[in-house]
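One structure is given here, and the rest of the page talks about it.
The values are calculated or read from the model by the stated rules, or taken from the named source; none is laboratory data. Note that this is a predicted model, so its numbers are computed, not measured. Using ideal geometry, Cβ is built from the backbone for each residue, glycine included, and neighbour counts are taken over all protein chains shown.
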Amino acid sequence: MRRHLAAAVAALAVLTPTPAPAADHDHKTTGYLSTQAGPGRFPLVARGAAAPIVTSANDYPGVLRVAGDLQSDLGAATGVTPRAGQDTIPAGRDPIIIGTIGRSALIDRMIAAGRLDTRGVAGKWETSLQQVVEHPLPGVRRAFVIAGSDQRGTIYGVYDVSRLIGVSPWHFWDDVPVPHADALYALPGRHSQGTPKVKYRGIFINDENPDTGTWAPAFFGPGKAPGYPGGLNANYYAKVFETMLRLKANYLWPAVWGRAFAEDDPANHATASYYGVVMGTSHEAPMMRGIEEWNRHPAGTREWSFRRNPDAIKDYWRTGIQRMRDQDIEGVVTLGMRGNGDVSLPDGDGIDLMDSIISSQRRILAEEGMLGAPQVQTLYKEVQRYWDQGYRPPDDVTVVFCDDNWGNMRRLPDPALPARSGGYGLYYHFDYVGDGRNYKWVDTANLTNTWEQLNRAYRSGVDRLWVANVGDLKNEEEPAQFFLDYAWNPDAIGVDGIRDWERRYAAENFGGPLAADIAEVLSRYGVLQSRRKPELLNRRITVDPAKDLKTDPSAVVYDDQGNPFSITDYAEMDRVVTQWQALAARAERLKARVPEAWQDAYYQLVYYQVAATANLYELRRAEFTNIMYAAQGRAATNDLAAEAEARFAADQALNAHYNTALAGGKWRDWQLQPKIGYGNVARYGPNAPWQQPELNNVALPDEIYPYLKRIEVPAGASMGVALDGGDATTLPEFSPWQSQPRQYLEVYNKGTTPFAYTITADQPWVHVTPASGTVDKQVRATVSVDWKRAPAGVTDVQLRVEGAGSSVLVRAPIRDPELTPRGFAEANGYVSIPATGFDRKAGDWRVLPGIGKSGDGVMPLGAGESRLDYRVTLTTTGPVRISALLMPRNGQLRYSVSIDGAAPQVVDAVAETGAIDTTMNRQWARNTSDNVNITTTTHQVGRAGTHTVTFRAIDPAVILQRLIVDTGGVKYSYLGPPTSRRF
């Protein structure tokens, strides 16, 4: 398939940032490359010939290597592979010259002769220049020059050309083809991607079992450490390094689950140096040694305790630093210490202990001549206590703040503190193993949420080092690329530019014609997926109202047999499943439009995660409906069990395609990550409430947990009646102002013999459809009101349901208010208000698209009053409860609420719920699992009519999702009751 390059850019006379690849309509020019000849344009490939690629032999090995990648990329794009050589330019040929300022003899000769202007590049960190140069060297008519300020600057400059050619950074990991172009030209002018705003930008390969841990040793060959064939070797890491550099990352924490980077393959560190990647170690692995190295050797048989075993530990650390020095490893040294297995220290948490640990580590660095190496202390989980209690590492050490493992930063630098020469960094998660449950199956990131937290961190001065836990890397492609793009230049992506970024991401992988539609699918996927991790779809976390949430940890109740979405109220489960089904159908229609060559890439980057998650929601709905039906004795019970098993089979089929057929079997046994059997204590033991099942999701019916129910359906006919799906005798109150779906009742059979039924109302202006018929297994009948005929006030209507020799009376309360509604109107006992539904505001507010569980969020900006006024109409008087649904941020989260100018009630949403301390807790697990922090205040309403609810944000971290005014009718639901009608 032929896909050309997009979006014309004029030749620039001055050094300017290169525009990101875009999907424009002429399909001829992208950035500074074009498929058409023109004045001043340099032919990289034209008329069946390619410009030779020339480097200097004395340049960095990483530069010589990347020149080979450009050679391959041009060949893949055009079918014409350039010649490549060093120092000598073929006679009569206009070359591509690649080199590093101060390292490449060719580049330095051009600079000395005044042919290459490197102002704005030379002396910078990781900065590159692309330029068509006339008469660059004696005997050379013109050249396309890629020059870098340092090794990685040159590498990034080369890979930027590759991306404009159409080579996706994910070409290996997701089998993205290279689009064909008959010719490629470089535009005149000086072009640059600028200097990165964050110095060290990287990823953490983590939680890599079972996917990477199973697939990689089979695909690349086993590790070379004796007795450890499951290790990841240099062939594997070479592909990781290449992808990182194509994404402009420079820093890696290697895999740690039973793996030792330096030992699994002695070539691993050398390969990192060859590629030009900076190595580090995670927060649990100080002094350039993975914790697995301790576990493997005799020293590891002794206790990992600095108080009780300091000499062995210091010797162990010294060896890591000596290796770093002797192998000339470019690295960032992790300081501090955590317990073996990424847990808290067994020695306690006193500042004196941490000071002693870091002082000892610094002494080792000084003694080994490595004190000048970059160093970090990562304040992960309980380690943050040391900082909070006043401990400060040496000033040149970068202090790395962490999120709470669920995408919410726990702390940022206090602007009142003096600047640190080491600066600040951050550690962020797109994958996690721990409470409230592992999430490591598919991408669940909401890019708006990610943007807001990264933006807040960067504006707070966190710009020295950023690292993201990306699990296996594959499966987290979009958030990983967004994270790294944002780290390169936060100013280039505003909150209103996230959707444009997604379109560019889609265009880069699938071309311009499909970019907008694919980006919309990915955007909607991120919003739906971030509501709740798919691993948590069989876990409901509630608060016991009889217990004190702030003082009693048992007030938070984990129900691992509970559907978090309501089956019976607000049609919530049906609405959510319908949304996922609609998205999956959209992805399916798009799949039919994707060219054959791109089908494997589409399956990996778009289709699988959408289709498999939609199927999982259908499975859970069938499963929990089956359990409810069994308790009611419905004849349809076993049908739902069969449907759940069919959905399970569909899940296995999606996995099987991934694991056997995709890309010709390349990804054999990749898609092994469990996501269904979580919580099965009987099978998996006491860790099951949050830890993954160690058995994979093979075709075992009891992997669907809780177990499905099957019943013996008796002969004959027996009628049951359910309201909105559940057992009740009164329907929710009807109102002309209600927004929730039509209310219904179900007539169901508890036997095998069909029966006739009738439903009659004692008022002619209440209608039931269908009011009569035959029940085989069940019939759903909707109830509606003719409001033109309904009397004002409240009327109780009786519905009589008759069938199978029995009769059931159902109460239907009807309220037709004698008020003129203004603003959001009360109905069904509540008013549900989206954050963006304010009538007036004071101060500056930013809308955050799709960040909330059921819509956009708003956050305050700047100093001064931040107030939002919401107009509501209430039919209820007396006490009402107002719940504020906030993003589950950490630190101080204060706001106030008032009605009609009454004294504001101030709430600290974190202090009120005890949502987080330095070691996390059950309420924190609830808030992060539910992706919301809910706190409630009580207010008095003296009259029915129109009122103003005022919300004030006191702290800048407050992000409001929704306000719910409960006048006595709010029922449990995960998303909250549907948005009220606005008049």
Checklist entry - When the range 854-877 is examined, which residues are found to be on the phi < 0 side of the Ramachandran plot and not in a strand (DSSP E or B)? => result Ser854, Ala863, Glu865, Ser866, Thr875, Thr876, Thr877
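Select from the range 265-303 the residues that are aromatic (Phe, Trp, Tyr) and part of a loop (DSSP other than H, G, I, E, B) and list them in ascending order.
To start, the set of residues in the range 265-303 that are aromatic (Phe, Trp, Tyr) comprises 274-275, 294.
Within the range 265-303, none qualify.
What do you reckon, is Leu819 surrounded by fewer than 17 Cβ atoms within 10 Å (Cβ to Cβ), in a strand (DSSP E or B) and touching a residue at least 60 places away in the same chain (Cβ under 8 Å)? Let's see the steps before the verdict.
Values: surrounded by fewer than 17 Cβ atoms within 10 Å (Cβ to Cβ): yes; in a strand (DSSP E or B): no; touching a residue at least 60 places away in the same chain (Cβ under 8 Å): yes.
When the stated conditions are applied, Leu819 does not pass them.
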Next on the checklist: I'd like to verify a number: residues in the range 125-178 that are assigned to a loop (DSSP other than H, G, I, E, B), of a type outside the set (A, V, I, L, M) and within 22 Å of Lys474 (Cβ to Cβ), how many?
Outcome noted: 10
Next on the checklist: Give me the residue from the range 826-840 that is part of a strand (DSSP E or B) and within 27 Å of the chain's Cα centre (by Cα) and, out of that set, farthest from Arg871 (Cα to Cα).
Outcome noted: Pro834
Checklist entry - Quick check: is even one residue across the range 304-319 surrounded by 18 or more Cβ atoms within 10 Å (Cβ to Cβ), within 36 Å of the chain's Cα centre (by Cα) and part of a loop (DSSP other than H, G, I, E, B)? => result yes
Checklist entry - If you check Arg840, Arg894, Arg867, Arg881, which single one turns out to be within 28 Å of Gln740 (Cβ to Cβ) and out of contact with any Leu (no Cβ under 9 Å at 6 or more places or on another chain)? => result Arg881
Next on the checklist: Based on this model, can you work out whether Leu885 counts as at pLDDT 95 or above, within 19 Å of Arg540 (Cα to Cα) and either in contact with a strand residue (DSSP E or B) (Cβ under 8 Å, 6 or more places away or on another chain) or not in a strand (DSSP E or B) (or both)?
Outcome noted: yes
Item to check | the range 29-49 - residue that is part of a strand (DSSP E or B) and touching a Phe, Trp or Tyr at 6+ places or on another chain (Cβ under 6 Å) and, of those, surrounded by the most Cβ atoms within 10 Å (Cβ to Cβ) | outcome: Ser34
Checklist outcome for this item: In the range 867-886, anything touching an Asp or Glu at 6+ places or on another chain (Cβ under 8 Å) and either among the small types (Gly, Ala, Ser) or closer than 25 Å to Thr450 by Cβ (or both) is listed as Ser883
Checklist entry - Out of all the residues in the range 403-434, which are aliphatic (A, V, I, L, M) and surrounded by 18 or more Cβ atoms within 10 Å (Cβ to Cβ)? => result Met409, Leu412, Leu426, Val433
Checklist entry - Restricting the search to the range 613-636, which residues are without any contact (Cβ under 8 Å) to a residue 40 or more places away in the chain and on the phi > 0 side of the Ramachandran plot? => result none
Checklist entry - From the list Thr950, Thr938, Thr979, Thr946, which one is in contact with a strand residue (DSSP E or B) (Cβ under 7 Å, 6 or more places away or on another chain), over 28 Å from Leu861 (Cα atoms) and modelled with pLDDT of 95 or more? => result Thr946
Checklist entry - Quick one: how many residues across the range 457-492 are over 27 Å from Thr334 (Cβ atoms) and in contact with an Asp or Glu (Cβ under 7 Å, 6 or more places away or on another chain)? => result 1
Next on the checklist: I'm checking my understanding of the structure. Among residues of the range 540-576 that are farther than 17 Å from Gly976 by Cα and either at pLDDT 95 or above or among the basic types (Lys, Arg) (or both), which one is surrounded by the most Cβ atoms within 10 Å (Cβ to Cβ)?
Outcome noted: Lys547
Checklist entry - What residue, among those in the range 371-405 that are in contact with a His (Cβ under 7 Å, 6 or more places away or on another chain) and part of a loop (DSSP other than H, G, I, E, B), is modelled with the lowest pLDDT? => result Tyr380
Checklist entry - Quick one: Asp496 ticks every box in (1) crowded, with 20+ Cβ neighbours inside 10 Å; (2) in a helix (DSSP H, G or I) bar one, so which box is it? => result (1)
Item to check | Residue check, Thr876 in contact with a Lys or Arg (Cβ under 6 Å, 6 or more places away or on another chain) and either buried (at least 17 other Cβ atoms within 10 Å of the Cβ) or among the aliphatic types (A, V, I, L, M) (or both) | outcome: no
Item to check | Any pair with Cβ under 6 angstrom, 6 or more apart, that starts in the range 758-776 at a residue that is at pLDDT 95 or above and ends at one that is of a type in the set (D, E, K, R) | outcome: Thr758/Glu802; Thr760/Arg800; Trp765/Asp786; Trp765/Arg789
Next on the checklist: Here are the criteria: (1) surrounded by 21 or more Cβ atoms within 10 Å (Cβ to Cβ); (2) among the hydroxyl-bearing types (Ser, Thr, Tyr); (3) touching a helix residue (DSSP H, G or I) at 6+ places or on another chain (Cβ under 8 Å). Tell me which single one Tyr274 does not satisfy.
Outcome noted: (1)
Item to check | Condition check for Thr753: part of a strand (DSSP E or B), of a type in the set (S, T, N, Q) and at pLDDT 95 or above | outcome: no
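For the range 622-638, which residues satisfy the criterion of being under 20 Å from Ala571 (Cα atoms) and part of a helix (DSSP H, G or I)? Explain how you work it out, then say what you get.
Narrowing the range 622-638 to residues under 20 Å from Ala571 (Cα atoms): 622-632, 634, 636-637.
Result: Ala622, Glu623, Phe624, Thr625, Asn626, Ile627, Met628, Tyr629, Ala630, Ala631, Gln632, Thr637.
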Checklist outcome for this item: Scanning the range 859-908 residue by residue, those more than 15 Å from Ser832 (Cα to Cα) and in contact with a helix residue (DSSP H, G or I) (Cβ under 9 Å, 6 or more places away or on another chain) turn out to be Met859, Met887, Pro888, Arg889, Asn890, Gly891, Gln892, Leu893, Arg894, Tyr895
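Considering only the range 56-78, how many residues are within 41 Å of the chain's Cα centre (by Cα) and over 15 Å from Tyr159 (Cα atoms)?
Within the range 56-78, the first condition is being within 41 Å of the chain's Cα centre (by Cα), and the residues that meet it are 59-78.
Subset that is over 15 Å from Tyr159 (Cα atoms): 59-61, 78.
Residues in the range 56-78 being within 41 Å of the chain's Cα centre (by Cα) and over 15 Å from Tyr159 (Cα atoms): 4 in total.
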Item to check | The listed residue being in a loop (DSSP other than H, G, I, E, B) and within 28 Å of the chain's Cα centre (by Cα), out of Lys197, Lys224 | outcome: Lys197
Item to check | In the range 96-117, the residues that are farther than 18 Å from Asp160 by Cα, in contact (Cβ under 8 Å) with a residue 24 or more places away in the chain and within 46 Å of the chain's Cα centre (by Cα) | outcome: Arg103, Ser104, Ala105, Leu106, Ile107, Met110, Leu116, Asp117
Checklist entry - How about the range 213-250: which of its residues are on the phi < 0 side of the Ramachandran plot, touching a Lys or Arg at 6+ places or on another chain (Cβ under 8 Å), surrounded by 21 or more Cβ atoms within 10 Å (Cβ to Cβ) and in contact (Cβ under 8 Å) with a residue 60 or more places away in the chain? => result Trp215, Leu245, Arg246, Ala249, Asn250
Checklist entry - Name the residues in the range 229-249 that are out of contact with any Gly (no Cβ under 8 Å at 6 or more places or on another chain) and not in a helix (DSSP H, G or I), would you? => result Leu247, Lys248
